[in-house]
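Trainee: My structure is below; once you've seen it, I'll send some questions.
The values are calculated or read from the model by the stated rules, or taken from the named source; none is laboratory data. Being a predicted model, the structure only gives us computed values, none of them experimental. With ideal geometry, Cβ positions are generated from the backbone for all residues, glycine too; neighbour counts draw on all protein chains shown.
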Amino acid sequence: MSRWTTLVPPAALVALAVAWVTHPEGALGVTAVAVFLVGAVLAAVHHAEVVAHRVGDPLGSLILAVAVTVIEVALIVTLMVGDPVHGATLARDTVFAAVMLSINGIVGFSLLVAALRHHLAVFNPEGTGSALATVITLAGLTLVLPTFTTSEPGPEFTASQLAFAAVVSLALYVLFVFTQTVQHRDQFLPPQQEPAADVHRDEHDEVPTNRATTLSLALLLVALVAVVGLAKVESKPLEKAVSAAGLPQELVGVVIAALVLLPEAISAVRAAAADRVQVSFNLAYGSAMASIGLTIPTIALAKIWLDGPLVLGLQTTQIVLLVLSAIVAVLTVVPGRSKPLQGGLHLVLLATFVFVSISP
């Protein structure tokens with residue numbers, strides 16, 4: 001294990017503690033926080049790959065997705081408590097941004113890199129299709145449906161509707177994890193490999209020891225805590241900059257989601273470059289799924305003591321982008337292989353999402 005990846009996570013955690021007390025807002029302080037944030041992201045990628053190498057895929061991808069999402073949920077709840085005014089739509093904006101960044105950004109870059117480097121990006125359509133179907137169902141039930149329900153004024157769920165959505169979201173997520181890791185694990189491995197193979201292993205690779213894996217898992221969690229905590233520290237200057245520039249507050253959720261998903265995005269693109277596109281899909285759709293399946297139940301519980309409204313329903317423009325993304329994603333997944341064009345289509349949808357977030 002390289003020395004810098006061992007030292008950076010605890011150093012970033014110390015920087016987080018200092019920043020939490022001092023609340024840096026000047027250019028120098030904000031830049032210093034950003035440097036530690038980037039270092040923690042790169043260290044998290046390294047340790048995630050060590051853990052994935054040891055346990056194999058799809059479990060390795062699942063560990064990273066769940067670890068990132070659990071801490072992302074903690075960040076959302078913390079920001080909602082600290083800012084009830086903007087907190088009403090923060091969960092919706094962050095979760096929707098995470099979904100769009102995952103199914104268009106991570107998938108798009110991965111497909112483009114793999115197809116350009118290996119002529120075609122090849123993956124397993126059965127497992128990938130199951131993951132995509134789960135993501136679309138979760139997004140529809142929790143982000144689209146509240147816009148059209150009539151029991152509560154505005155794009156909100158009633159208490160009973162929110163409880164139902166929370167239970168269904170968690171149930172679907174658990175069912176998918178069982179399918180991915182136990183019942184049909186072979187469908188989430190690259191098609192050129194046997195089910196028992198480890199997609200992260202190479203015949204010349206040395207499998208990490210249990211001690212090294214345990215250390216990497218601990219450092220991964222430390223790095224992810226630092227990433228999300230430092231992202232929260234940066235959120236206040238970000239909100240002020242967004243307000244000063246006259247931009248929509250929804251953009252804050254986009255930036256937060258992008259920072260939190262950065263470790264997974266880097267891992268996914270590196271896997272695609274190594275012709276392991278299935279790993280990229282596992283990370284992308286797993287992130288989107290966990291972002292909904294774990295966030296909505298947690299927010300539903302937090303709503304017991306949180307004051308103010310909880311707006312989950314998407315706006316019309318957002319629904320249009322989600323539907324377009326779902327259609328393109330289905331057409332991408334069905335053949336089981338992809339040209340650079342499919343990657344470009346997803347990236348155009350991502351660019352449109354970002355542009356519309358800036359200029360609605």
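To keep it simple, each residue is scored yes or no on (1) exposed (fewer than 15 other Cβ atoms within 10 Å of the Cβ); (2) at pLDDT 80 or above; (3) touching a Leu at 6+ places or on another chain (Cβ under 8 Å).
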{"position": "12", "(1), (2), (3)": "no, yes, yes"}
{"position": "23", "(1), (2), (3)": "yes, no, no"}
{"position": "26", "(1), (2), (3)": "yes, no, no"}
{"position": "29", "(1), (2), (3)": "no, yes, no"}
{"position": "43", "(1), (2), (3)": "no, yes, yes"}
{"position": "48", "(1), (2), (3)": "no, no, yes"}
{"position": "68", "(1), (2), (3)": "no, no, yes"}
{"position": "71", "(1), (2), (3)": "no, no, yes"}
{"position": "74", "(1), (2), (3)": "no, no, no"}
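Trainee: Taking segment 145-193, which residues are touching a residue at least 12 places away in the same chain (Cβ under 8 Å), more than 30 Å from residue 120 (Cα to Cα) and assigned to a loop (DSSP other than H, G, I, E, B)?
Mentor: Within segment 145-193, 149, 154, 155, 156, 157 meet the criteria.
Trainee: Identify, from the list 187, 180, the residue that is closer than 23 Å to residue 132 by Cβ, in contact with an Asp or Glu (Cβ under 6 Å, 6 or more places away or on another chain) and modelled with pLDDT of 85 or more.
Mentor: None of the others qualify; the one that does is 187.
Trainee: Do any residues in segment 256-274 that are among the charged types (D, E, K, R) have Cβ atoms under 7 Å from those of residues that are part of a helix (DSSP H, G or I), where the two are at least six apart or on different chains, and which pairs are they?
Mentor: If the second residue must be part of a helix (DSSP H, G or I), the pairs left are 264/64; 264/65; 264/68; 264/106; 264/283; 264/287.
Trainee: Among residues belonging to segment 252-297 that are part of a helix (DSSP H, G or I) and of a type in the set (D, E, K, R), point out the one that is nearest to residue 239 (Cα to Cα).
Mentor: Taking segment 252-297 as the starting set, the residues that turn out to be part of a helix (DSSP H, G or I) are 252-273, 277-297.
From what is left, the residues that are of a type in the set (D, E, K, R) are 264, 270.
Working: 264: 24, 270: 32 Å.
Looking at residues that are part of a helix (DSSP H, G or I) and of a type in the set (D, E, K, R), I get 264.
Trainee: Here's another thing I want to ask about it. Identify all residues within segment 216-249 that are touching a residue at least 12 places away in the same chain (Cβ under 8 Å), out of contact with any Asp or Glu (no Cβ under 8 Å at 6 or more places or on another chain) and not in a helix (DSSP H, G or I); write none if there are none.
Mentor: 247, 248 - these are the residues of segment 216-249 that are touching a residue at least 12 places away in the same chain (Cβ under 8 Å), out of contact with any Asp or Glu (no Cβ under 8 Å at 6 or more places or on another chain) and not in a helix (DSSP H, G or I).
Trainee: Out of curiosity, is residue 110 of a type outside the set (Asp, Glu) and in contact with a Leu (Cβ under 7 Å, 6 or more places away or on another chain)? Reasoning before the result, please.
Mentor: Working: of a type outside the set (Asp, Glu): yes; in contact with a Leu (Cβ under 7 Å, 6 or more places away or on another chain): no.
So residue 110 fails the test.
Trainee: Residue 356: modelled with pLDDT under 95 and aliphatic (A, V, I, L, M), yes or no?
Mentor: In short, yes.
Trainee: Then there is this: What are the pairs, 6+ residues apart or on separate chains, where a residue within segment 323-340 that is under 15 Å from residue 100 (Cα atoms) and in contact (Cβ under 8 Å) with a residue 40 or more places away in the chain has its Cβ under 6 Å from a residue that is crowded, with 24+ Cβ neighbours inside 10 Å and not basic (Lys, Arg)?
Mentor: 325/103; 325/104; 329/103; 329/132
Trainee: Consider segment 324-343. How many of its residues are surrounded by 14 or more Cβ atoms within 10 Å (Cβ to Cβ) and in a helix (DSSP H, G or I)?
Mentor: 10
Trainee: While we're here: So, in segment 115-128, of the ones that are more than 9 Å from residue 187 (Cβ to Cβ) and of a type in the set (Gly, Ala, Ser), which residue ends up surrounded by the fewest Cβ atoms within 10 Å (Cβ to Cβ)?
Mentor: Per the criteria, the residue is 115.
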